[in-house]
Each structure stands twice: as structure tokens, then as C-alpha cells.
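One structure is given below, encoded as C-alpha cells.
The values are calculated or read from the model by the stated rules, or taken from the named source; none is laboratory data. This is a predicted model, so every value here is computed, not measured. Heads up, the Cβs are rebuilt from the backbone with ideal geometry, glycines too, and the neighbour counts pull from every protein chain shown. Note: areas computed on protein heavy atoms with side chains; ligands, DNA, RNA excluded. Shrake-Rupley method; radii C 1.70, N 1.55, O 1.52, S 1.80 Å.
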Amino acid sequence: MLAASSVEMRKVNKYYGKFQALKDIELSIPPGKVTCLIGPSGSGKSTLLRCINFLEEYDSGEVRIDGQLIGYDAPNKKMSGRRLREMRRSIGMVFQQFNLWPHMTARENVAEGLIRVRRISKADADRRASEALAKVGLADKSASHPSRLSGGQQQRVAIARAIAMEPKLMLFDEPTSALDPELVGEVLSVMRTLAGEGMTMVVVTHEMGFAAHVADQVGFMEKGELVSVDSPDRILHRPEDARIQSFLRTYHERNSF
Amino acid sequence: MEWSVLQQYGPSLLKGFGNTILCWALGTVFGMALGLVIALIQRYAPRWVTWIVQAYIEVIRGTPFLVQLFVLYYGGPLVGLRLDALPAGLLGLTIYGSPYFAEIFRSGFRAVPDGQIEAARAIGMSESDIVRRILLPLGLVSALPALVNFSIILTKETVILSIITVPELLYQVQRMSAETFRYVEANLVLALFFWGLVETISRVGLRLEARITKHLIERT
Ligand SMILES: Nc1ncnc2c1ncn2[C@@H]1O[C@H](COP(=O)(O)OP(=O)(O)OP(=O)(O)O)[C@@H](O)[C@H]1O
Ligand SMILES: [Mg+2]
């Protein structure tokens, strides 16, 4: 079992100028569990996710990782860069666009954080990077640059880059949305393995199948509000809220033929 | 045409060409370095510092190189800055090129996708590591063609240094013309040398580009 973090969000608000992107978000993410976030485009899913590792600065409220406030030492007093970096070390993030560094090979991409952040020797870092790549099924691609990899392979390298840092929490922002349909499975299967190992995961996704089968809880967002957080069954199969029903109806119409 | 004068003036022309290359190379290197520093300041320094730097950029870009050289060489001594022609010329070239190089670096940095910087932040990399490991290498790649291009433009600016008596190629060519009245031959030599220099730089630039972008181009 991995050491796994919990996340607590209390009354989190976020503004872009006058526009309120997050409204009084209340969310508890238990350790070792998978939380999926769904909702229409522009509802604030990415913004919420990015507040958890403070890539997006929330304006008020609290985000706590294992009880520790991230981003601020006190209300309106930003945390030092060094402390923030320390907290981020144990939070992995995977992006829709992979965001691999194109001038580095797969192995270099994975080893970079180990060398620069964890201060591990180059040789050790290479060894661990190879292990992480093997874990996502890409042992044979470690010398390839991202431009020589398929989307699915690139995303698996990105996952390897995150898990090599031995995070206690993983954030996924639509990890399969940029992939051709036939490549979605390989990425989801890696994520399923991670979930099985007891990693705390927060996953923004449009993959309702993944949410239904892997998530422990599903949150539905609309217009900056976290409308409801509940079991996958109650959100996806027996939703009471009309907004969720209408969202799922649109989803099913689009995905049937 | 009378090419025999070239025998007599060959050595001084070659020396002039040597100085031209020297001024160009050092002026380019220092100008790039200063431009890089300016671009990093523009990206990371507090607002008021960037305003000062922006003012410097506007002033240098808004005035002719010739005027800058005059101010530096003839005005410098008035404030205690007494430089020989060659160092003054080098300093002038460095200053003249820096805002253009800064702009080139700035747009090079802008071409690095935010996501790749965010990915580095997300694993806890420090800003200085992000600059050294991600922003600089990737920014340089996108800036390279423009850097080479502006270096080529700078070769031709070196002739202006003759006005403050830097003994570069144009200076020698003008001396030869004045002493022998062989204007056509002298200027043909000038053209030929510059053509060779520019051609060499652009070829080296293309090679460099091909080499460092080899891994970056998407497989199709
Ligand atoms: N940097 C920004 N500046 C201004 N507005 C922003 C910014 N980032 C996001 N927004 C706005 O905030 C709202 C929420 O955006 P967010 O990216 O969180 O939505 P999302 O639920 O992730 O949508 P999608 O499914 O399309 O990714 C949107 O209306 C968006 O336009
Ligand atoms: Mg999003």
C-alpha cells in the first residue's frame, strides 16, 4: 500500500476578474479513494483541480492536503515558494495535453524531477525512471523523444513522470480527452492499476465508464458550483438533480448512434 | 579593372576583414547575452524594473546606430568614459543589438507552451531550474532562426564603425579607394567579403537549426 493523502476543500472561491469560476466549493477527498469530477465544459472542473496543487490560486477558503493548508500560511498571506514546492513534490499531475518536455527522451522526462527536485543521483534517477516507465508498459520506449510516441504513449510517460516522484495524491485533468478513441483504453488501464494500489486520485473526466467502475465518489459541477458529490451509482444511474439528469441525457445522446 | 593594387592593399584589407569579423562576433555574442538578460528581466522582475528596461529598449530602438556611436565615442569622454575606437565600437554594437535580441528571446519564450512550464511547476521544480532546463532550451530553439537572421543584419551594421575610425573592412576599403582611386575594385572586394561572411553564417545557422530541432518535429 502507498502512503495516500486526503484533501479537504472548504468554502473555496476563485475569481477571474469579476467572473466567479468557483463558488463555495466544499469537497472531502478521502485517502486512497478515487474521486471523479464531471460536468459541462466551462463549469470549473479544471479550475477546482488546479486549486488542489495551487497551480491556480484560489481567492478565499481553504484547501488542505493531509490537514496542511496549501498556498497560504494564513488568509491573504501567501506561502513561500519553497514550502509550496515541497508540498507539490507529493502531488502528481497529469494534463490533457500531456505536456511532456519535447527536448528530452521519455526517460529524461521522468528522471528530471527526481534529479532536480528529489536531488537523486543521475544513475539512481535513471534506474527509477526506467522502473516507472516499465510500470506503464513503456520499458522499450525510454530512449524515444515524445515526438516519436503516440498520444497514448505520451500520456503514459506523463503518468510515469508523476508516479516516479512517489506522490501521495494524483490529479488528472481529462487525461484521455486528447486521445484517439483506440488509445484511451491503455491510459485508463494504467490509471485503474494505480487506483488498485490505493493511490488517492482526483480525476476530471468525460469517461463515464471509468467514473462508474473505478470511482469511489463522483462530483458533478455546473457554473462554478459543485452541485453534488455522491456514489457513482447515485450520480450516474439515479441522479435526482435535474441538472445532472440533463447533462447525462446530452452525454448519452452524443455517445449513441 | 586594375587588380594589381590588391596585392599592395591585400594585407590591410584582410586585416580589416579580420576586424569586421571580430567586431561582428563579439558584438553579436555580447548583444545576445545582454538581450537574454533583458528578456529574463522582462519576464521575472517586478513591474517597475520592467518599465525602466522598457524605456531602454525604446530609446535604443528609436535612435540610429550612427547617433549612438557618436554619443558613445565623442560624448563618452565628457562623462569620463574614454574608450579606444575598437572597444567603443564593440560596446556600441552590443548596446545597439541588445533590444532586438531581447525581443527575439521574449517571443521565443512565449512560444514555449504554458503547459510545459506548469508541468515543471507541478512536480515542484524551482523557477531557476525551470528557466535553465525548460524555458531556455525550448525558447532558444524557437528563437534560433530569428537570432541567426538578426546576426546577419548585424554584419552589415559593422561598417558604421568606420565612422569612429575602427579599422574594419569598410575603413580599409575607403583608405584604398582614396589613395588609388580604384573605387570599383575596392567596393567589389567589400561586397565579396560580406557575401562570404553572410553566406557562411546562414549556412551554419541552418545546420544548427536542423540539428537541434531533430527530435522536436512531430512524426507524421
Ligand atoms: N485564465 C482564465 N482567465 C479567465 N477565465 C478563465 C480562465 N481560466 C478559466 N476561465 C473560465 O473559468 C471557467 C471555468 O473554466 P475551467 O477550465 O475550470 O472549466 P472546465 O470545467 O475545466 O471546462 P472544460 O471541460 O472545457 O475543460 C470557464 O468559464 C472559463 O472560461
Ligand atoms: Mg478543463
Problem set entry | Threshold 20 Å² - residues in region B:122-144 whose accessible area is reduced by that much or more when the chain is no longer isolated, probe 1.4 Å | B:122, B:123, B:124, B:125, B:126, B:129, B:133, B:134, B:138
Exercise. Counting pairs of Cα atoms in region B:3-219, how many percent are more than 33 Å apart?
Worked result: 29
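Packing-wise, with mean Cβ within 10 Å as the measure, how do B:75-84, B:131-140 rank, highest first?
Details: B:75-84: 10.9, B:131-140: 18.8.
So the order, starting with the most tightly packed, is B:131-140, B:75-84.
Hey, what D do you get for region A:71-112 in µm²/s if you plug the Kirkwood alpha-carbon radius into Stokes-Einstein at 10 °C and 1.306 mPa s?
Numbers: Rh = 12.6 Å.
The Stokes-Einstein estimate is 126 µm²/s.
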Exercise. Using only the Cα atoms, what convex hull volume per residue in Å³ does region A:91-166 have?
Worked result: 76
For this session: Compare the Cα positions of B:68, B:164, B:124 along the charge dipole of chain B (+1 at Cβ of Lys, Arg; -1 at Cβ of Asp, Glu; about the Cα centre) and return the one farthest towards the positive end.
Result: B:124
Exercise. For residue A:186, what charge total do you get from the other residues with a beta carbon under 12 Å from its beta carbon, if Lys and Arg give +1 and Asp and Glu give -1?
Worked result: 0
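With every protein chain present, what is the per residue accessible area of region B:3-219 (1.4 Å probe, Å²)?
Values: 11180 Å² over 217 residues.
Computed with neighbouring chains in place, this is 52 Å² per residue.
In cubic angstrom, how much convex hull volume per residue do the alpha carbon atoms of region A:1-77 span? Could the numbers behind the result be given before it?
Numbers: hull volume 7.3 nm³, N = 77.
Considering the Cα atoms of region A:1-77, their hull volume per residue is 95 Å³.
Note down the Stokes-Einstein diffusion coefficient of chain A in µm²/s, whole number, using a Kirkwood radius over alpha carbon pairs, 25 °C, and 0.890 mPa s. List each step's numbers first, then the result.
Working: Rh = 18.8 Å.
Answer from the Stokes-Einstein relation: 130 µm²/s.
Show me B:64-74, A:47-57 ranked by packing, highest mean number of other Cβ atoms within 10 Å first. If you can, show how the numbers build up before the last one.
Numbers: B:64-74: 16.0, A:47-57: 21.7.
Descending mean neighbour count gives A:47-57, B:64-74.
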Exercise. Hey, any idea what % of region A:194-257's accessible area is carbon plus sulfur with a 1.4 Å probe?
Worked result: 46
Exercise. How much space per residue, in cubic angstrom, does the convex hull of the C-alpha atoms of region B:132-199 take up?
Worked result: 95
For this session: Give, as a single signed number, the net charge of other residues whose beta carbon lies under 9 Å from the beta carbon of residue A:152, with Lys and Arg counted +1 and Asp and Glu -1.
Result: -2
Problem set entry | Charged-residue dipole, Cβ positions (Lys, Arg, Asp, Glu), chain A about Cα centre, Debye nearest 20 | 840
Exercise. When Lys and Arg each count +1 and Asp and Glu each count -1, what net charge do the other residues less than 13 Å away from residue B:7, Cβ to Cβ, add up to?
Worked result: -1
Exercise. In Å², nearest 100, what accessible area do chains B and A bury in total when the solvent probe is 1.4 Å?
Worked result: 2200
Seminar exercise, completed: Here, the protein assembly as shown modelled as identical Cα point scatterers in vacuum has Debye log10 I(q)/I(0) at q = 0.09, 0.12, 0.13 Å⁻¹ of -0.74, -1.04, -1.15
Exercise. Which of these, B:128, B:142, B:202, has the largest mean-square fluctuation under a Gaussian network model of chain B (Cα springs below 10 Å)?
Worked result: B:128
For this session: Please work out the C-alpha center-to-center distance from region B:101-147 to region A:107-178 and express it in whole Å.
Result: 20
